[in-house]
Amino acid sequence: MNGITFKIYNSIATLPSLWDKVAQSNVFLQTPYLSVLERSAPVNMECFYIGIFEKSELIGVSLAQYLDLNKLESFGERDKCFKTVIRNFIFKNFASHTLFLGNNMITGQNGYVFSKEIDFECISEILLQSADEITLYFKQKGVKIHLVSFKDFYENCSVELKKYRFKEIYEFNTQPNMIFYLDKKWNSAEDYINALSKKYRDQYKRAHKKNDGIVVKNLSFEEVLLHENTIYDLYHYVAKNAPFNTFFLAKNHFSTLKEQCGNRFQIFGYFLNEKLVGFHTLLLNDETLETYFLGYDETIQKENMLYLNMLYNMTEYGIENGFKRIIFGRTALEIKSSIGAKPVNMSGFIFHNNKLINRFIGEIFKNLEPELNWQQRHPFK
């Protein structure tokens, strides 16, 4: 690889001193966030940090995550169909030890960053060799890695990777990433509202009217600690009722994130009669506003259109603080498109270490992937 080498670290304390300088363009690869993973990762997750060197100079950083699905309390309880039962059985028995190159907790291309331009042949080699080395590490501990997945590449990157060794690996596309590219002419929430067509302006007004009586507060670290149990319960309800989960956050995740990342992590509480009934979180990532986890009381959510109001509040925060785009992730595609987000397809690559299973990985994956039926909305004039 033309003098390019890599080293895998198990601890933040041992990372090279220039790590954050190399990772400066992505908050999810900087040590404050990685420290959160180290201190409050899901109970079934172990993280690895990959330093990439040219001779002795650190020029790139990457993240890998091992997940033990045997430790998972639930894969998600929303869907009860036969396909879901089969999917859960297969994951439990044939994919319970999974290695992700990238961050399985968020949507977007957050798996690696370089301080200089590196060709994709080299990137593909680093990713595959890193996966092999971590797989060997677990083999020596008596753990067999079943699935290896390389997560979330925008189309231009996946096309390039497929020119090299990734052409041998099954490429998959799941639900698109919903991204809201904010109009640079918008300086306030009023500018955004005025750009909406009448139908969606009426939706905005109706949602805000339903939100009467709810107080939204930007929570300090001390307030996050105070409400930690309720925050976790609200998050856990939403996570447990998702169609599919491979992890659940640790109970101290949000307080640890606020402590480590300070103002780069924003958590907003929604209070009704002084009781916390919902929250949403944001990570400030250069010119991108990243939506993170949220939670709500389902009875309040229905009555007060809480989720839709959260989406509007995230949008207003993005506009008023000069962000260029908001990453809304993969869930609730239709309602996110109704506020202005657009679908952006992303690819992943996956292989099974059992050669027989891997021969049929494409068919297996297609049959397990839930059908995607949704209508994209176009809210602007």
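The values are calculated or read from the model by the stated rules, or taken from the named source; none is laboratory data. No experiment lies behind these values; they were computed from the predicted model shown. Cβ placement follows ideal geometry from the backbone for every residue including glycine, while neighbour counts extend to all protein chains displayed. Quick note on the areas: whole protein, heavy atoms, side chains included, nothing else; ligands and nucleic acids left out. Shrake-Rupley method; radii C 1.70, N 1.55, O 1.52, S 1.80 Å.
Give me the pairs, please: first residue somewhere in the stretch 259-270 and under 11 Å from residue 294 (Cα atoms) and of a type in the set (Gly, Ala, Ser), second residue anywhere and assigned to a strand (DSSP E or B) and open to solvent by 30 Å² or more (accessible area, probe 1.4 Å), beta-carbon distance under 9 Å, and either six or more positions apart or on two chains.
Qualifying pairs under 9 Å: 269/215; 269/216; 269/217; 269/218.
Just checking, does the stretch 172-182 include any residue being open to solvent by less than 60 Å² (accessible area, probe 1.4 Å) and more than 22 Å from the chain's Cα centre (by Cα)?
No; the residues of the stretch 172-182 include none that is open to solvent by less than 60 Å² (accessible area, probe 1.4 Å) and more than 22 Å from the chain's Cα centre (by Cα).
Assess whether residue 319 counts as being open to solvent by less than 70 Å² (accessible area, probe 1.4 Å), assigned to a helix (DSSP H, G or I) and more than 26 Å from residue 245 (Cβ to Cβ).
Numbers: open to solvent by less than 70 Å² (accessible area, probe 1.4 Å): yes; assigned to a helix (DSSP H, G or I): yes; more than 26 Å from residue 245 (Cβ to Cβ): yes.
Against the criterion (open to solvent by less than 70 Å² (accessible area, probe 1.4 Å), assigned to a helix (DSSP H, G or I) and more than 26 Å from residue 245 (Cβ to Cβ)), residue 319 qualifies.
If you go through the stretch 281-302 one residue at a time, do you hit one that is in a helix (DSSP H, G or I) and open to solvent by 60 Å² or more (accessible area, probe 1.4 Å)? Can you show your working first?
First, pick out the residues of the stretch 281-302 that are in a helix (DSSP H, G or I): 298-302.
Cutting the leftovers down to open to solvent by 60 Å² or more (accessible area, probe 1.4 Å) gives us 299, 302.
Taking every residue of the stretch 281-302 in turn, at least one turns out to be in a helix (DSSP H, G or I) and open to solvent by 60 Å² or more (accessible area, probe 1.4 Å).
Out of the residues in the stretch 120-148 meeting the condition of being β-branched (Val, Ile, Thr) and buried (at least 16 other Cβ atoms within 10 Å of the Cβ), tell me which one is farthest from residue 357 (Cα to Cα). Steps first, please.
Pass one, the stretch 120-148, residues β-branched (Val, Ile, Thr): 123, 126, 134-135, 143, 145, 148.
In the following step, the residues that additionally are buried (at least 16 other Cβ atoms within 10 Å of the Cβ) were identified as 123, 126, 134-135, 145, 148.
On the way: 123: 26, 126: 25, 134: 21, 135: 17, 145: 13, 148: 13 Å.
Across the stretch 120-148, the extreme among qualifying residues is 123.
Looking only at the stretch 327-353, how many residues end up being open to solvent by less than 60 Å² (accessible area, probe 1.4 Å) and in a loop (DSSP other than H, G, I, E, B)?
Looking only at that region, the number is 5.
Give me the pairs: first residue in the stretch 1-16 and closer than 17 Å to residue 65 by Cα, second residue acidic (Asp, Glu), beta-carbon distance under 9 Å, and six or more apart or on different chains, which are they?
If the second residue must be acidic (Asp, Glu), the pairs left are 6/133; 8/133; 10/46; 11/38; 12/38.
For residue 2, only one of the following conditions fails: (1) open to solvent by 50 Å² or more (accessible area, probe 1.4 Å); (2) more than 23 Å from residue 125 (Cβ to Cβ); (3) not in a strand (DSSP E or B). What is its number?
Failing condition for residue 2: (2).
Where residues in the stretch 303-316 are open to solvent by 10 Å² or more (accessible area, probe 1.4 Å) and part of a helix (DSSP H, G or I), which of them is modelled with the lowest pLDDT? It would help to see each step written out before you state the result.
We begin by selecting, within the stretch 303-316, every residue open to solvent by 10 Å² or more (accessible area, probe 1.4 Å); these are 303-305, 307-308, 313, 316.
From the residues that got through so far, the ones that are part of a helix (DSSP H, G or I) too are 303-304, 307-308, 313, 316.
Details: 303: 92, 304: 95, 307: 97, 308: 97, 313: 98, 316: 98.
Per the criteria, the residue is 303.
State all residues of the stretch 20-46 that are part of a helix (DSSP H, G or I), in contact (Cβ under 8 Å) with a residue 60 or more places away in the chain and among the polar types (S, T, N, Q); if no residue qualifies, say none.
35, 40
Restrict the check to the stretch 223-235 and report whether at least one residue is open to solvent by less than 20 Å² (accessible area, probe 1.4 Å), not hydroxyl-bearing (Ser, Thr, Tyr) and not in a helix (DSSP H, G or I).
Looking through the stretch 223-235, none of the residues is open to solvent by less than 20 Å² (accessible area, probe 1.4 Å), not hydroxyl-bearing (Ser, Thr, Tyr) and not in a helix (DSSP H, G or I).
Yes or no: the stretch 251-259 includes at least one residue that is part of a helix (DSSP H, G or I) and open to solvent by 40 Å² or more (accessible area, probe 1.4 Å). Outline the logic, then answer.
If we filter the stretch 251-259 for residues that are part of a helix (DSSP H, G or I), which is where we start, we get 253-259.
Still in the running and open to solvent by 40 Å² or more (accessible area, probe 1.4 Å): 259.
The answer is yes; a qualifying residue exists.
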